[in-house]
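Shown next, in structure tokens, is the structure this report addresses.
The values are calculated or read from the model by the stated rules, or taken from the named source; none is laboratory data. Everything numeric in this text was worked out from a predicted model, so none of it was measured. Note that each Cβ is placed from the backbone with ideal geometry, even for glycine, and that neighbours are counted across all protein chains shown.
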Amino acid sequence: MGLAFGFLLTASGLGDYRTIHDGLLLRDPYIYLMMASTVATAGIGLALLRRRGRTLLGAPLRIPRHPVRREAVYGGAVFGVGFGVGATCPGITVSAVATGSWWGGVVLAGILAGLWLRGRVTR
Amino acid sequence: MSHLLPDQLPWWVAGPGIGLCVVALYALAGLKLGVSGGWLQLLFLAERRPLTEPWRLWFTGALVLGAFLAAAVGADRTSGYGALSEVLPAPALLGVLLVVGVLIGYGARWAGGCTSGHGISGCSAGSPESFAATATFFGVAVAVTLVVHLLTGGAV
């Protein structure tokens, strides 16, 4: 699944700054159409799986929902600033590296530092 | 370098395809697809802390392989960093992108997920928290992008 996910993220051109940037400038609906069709497809699939209550191998399956915690909104806002300025995220920065922009590696180094920093703050 | 792929897959192929990845991971293994969690496990590995979800390392490793595979069969090449690399000299861009990364990593850990864990998996599962996180980061990102666009006179 990871292989397919990485392949599709990259083949859809998300590793290119312009693809996301044009979406966030509200000039190109591609990223929104893509995201909406992802959630629509997975939403139907997960609803069916939830009804089944088991994985295909027969193990009990839980697909959790969570009430809104403040952390999700505060963290989401911080994430959104980085997402807006860099037009990238933890998955598609890999696509940037794979398609030839080593700047994606700089972002990834920052992401690891940010994850670490958040761990320090809450320790 | 072969060119089996168009420059950009149509959204109606890539979107549902990724949706099926989310469903398949739950259907086969009962696991929630997400990317930032994998980087967190890598950090735990570096810190010599026990891994809470070791499978995420495999998932993120496979994602890296998949990305390079797509590039090898002809995904559109990128170079530089779009408008940012036209406006900023390299040292400044380096600093900006490090800060961008730190904000993304810090925010993702604080929020408990990123564009994939909250935006795709959580929203698909109908989780209110994921809807809130996703609406927040998309809203903030659009606002930040439009403000930067205005302040730079349309250069970025």
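Does segment A:10-20 contain at least one residue that is in contact with a Ser or Thr (Cβ under 6 Å, 6 or more places away or on another chain) and more than 7 Å from chain B (Cβ to nearest Cβ)?
There is at least one residue in segment A:10-20 that is in contact with a Ser or Thr (Cβ under 6 Å, 6 or more places away or on another chain) and more than 7 Å from chain B (Cβ to nearest Cβ).
Inside segment A:89-101, can you point out the residues that are in contact with a helix residue (DSSP H, G or I) (Cβ under 7 Å, 6 or more places away or on another chain), at the interface with chain B (Cβ under 7 Å from one of its Cβ atoms) and polar (S, T, N, Q)? Working first, answer last.
Pass one, segment A:89-101, residues in contact with a helix residue (DSSP H, G or I) (Cβ under 7 Å, 6 or more places away or on another chain): A:89-99.
Keeping just the survivors that are at the interface with chain B (Cβ under 7 Å from one of its Cβ atoms) gives A:89-91, A:94-96, A:98-99.
Those that are in contact with a helix residue (DSSP H, G or I) (Cβ under 7 Å, 6 or more places away or on another chain), at the interface with chain B (Cβ under 7 Å from one of its Cβ atoms) and polar (S, T, N, Q): A:95, A:99.
Across segment A:65-83, what is the total count of residues that are farther than 26 Å from residue B:150 by Cβ, at the interface with another protein chain (Cβ under 7 Å from one of its Cβ atoms) and surrounded by fewer than 24 Cβ atoms within 10 Å (Cβ to Cβ)?
Of the residues in segment A:65-83, 6 are farther than 26 Å from residue B:150 by Cβ, at the interface with another protein chain (Cβ under 7 Å from one of its Cβ atoms) and surrounded by fewer than 24 Cβ atoms within 10 Å (Cβ to Cβ).
Evaluate segment B:30-45: report whether one residue or more is without any contact (Cβ under 8 Å) to a residue 12 or more places away in the chain, small (Gly, Ala, Ser) and either out of contact with any Leu (no Cβ under 7 Å at 6 or more places or on another chain) or more than 7 Å from chain A (Cβ to nearest Cβ) (or both).
Taking segment B:30-45 first, the residues without any contact (Cβ under 8 Å) to a residue 12 or more places away in the chain are B:30, B:43-44.
Filter once more, so that each one left must be small (Gly, Ala, Ser): B:30.
The next check asks that each one be either out of contact with any Leu (no Cβ under 7 Å at 6 or more places or on another chain) or more than 7 Å from chain A (Cβ to nearest Cβ) (or both); those that pass are none.
Looking through segment B:30-45, none of the residues is without any contact (Cβ under 8 Å) to a residue 12 or more places away in the chain, small (Gly, Ala, Ser) and either out of contact with any Leu (no Cβ under 7 Å at 6 or more places or on another chain) or more than 7 Å from chain A (Cβ to nearest Cβ) (or both).
Every residue in segment A:1-35 that is within 22 Å of residue B:24 (Cβ to Cβ), assigned to a helix (DSSP H, G or I) and in contact (Cβ under 8 Å) with a residue 24 or more places away in the chain, please.
Passing the criteria: A:5, A:6, A:9, A:10.
Would you confirm whether any residue within segment B:74-94 is outside any helix (DSSP H, G or I) and over 22 Å from residue A:102 (Cβ atoms)?
Step one: list which residues in segment B:74-94 are outside any helix (DSSP H, G or I), which gives B:74-81, B:88-89.
From what is left, the residues that are over 22 Å from residue A:102 (Cβ atoms) are none.
No, because not a single residue in segment B:74-94 is outside any helix (DSSP H, G or I) and over 22 Å from residue A:102 (Cβ atoms).
Which condition breaks for residue A:65 when tested against (1) assigned to a helix (DSSP H, G or I); (2) closer than 18 Å to residue B:34 by Cα?
(1)
Please state which of the following conditions residue B:154 fails to meet, knowing it meets all the rest: (1) within 7 Å of chain A (Cβ to nearest Cβ); (2) in a loop (DSSP other than H, G, I, E, B).
So residue B:154 meets the others, but not (1).
Being under 15 Å from the mean Cα position of the chain (by Cα) and either assigned by TED's automatic domain parsing to the domain that holds residue B:28 or buried (at least 18 other Cβ atoms within 10 Å of the Cβ) (or both) narrows it down to one of B:148, B:64, so name that one. Write out each step before concluding.
Working: B:148 fails: under 15 Å from the mean Cα position of the chain (by Cα).
Within the list B:148, B:64, the selection yields B:64.
Would you pick out the residues in segment A:84-123 that are surrounded by fewer than 17 Cβ atoms within 10 Å (Cβ to Cβ) and either in contact (Cβ under 8 Å) with a residue 24 or more places away in the chain or hydroxyl-bearing (Ser, Thr, Tyr) (or both)?
Result: A:122, single match.
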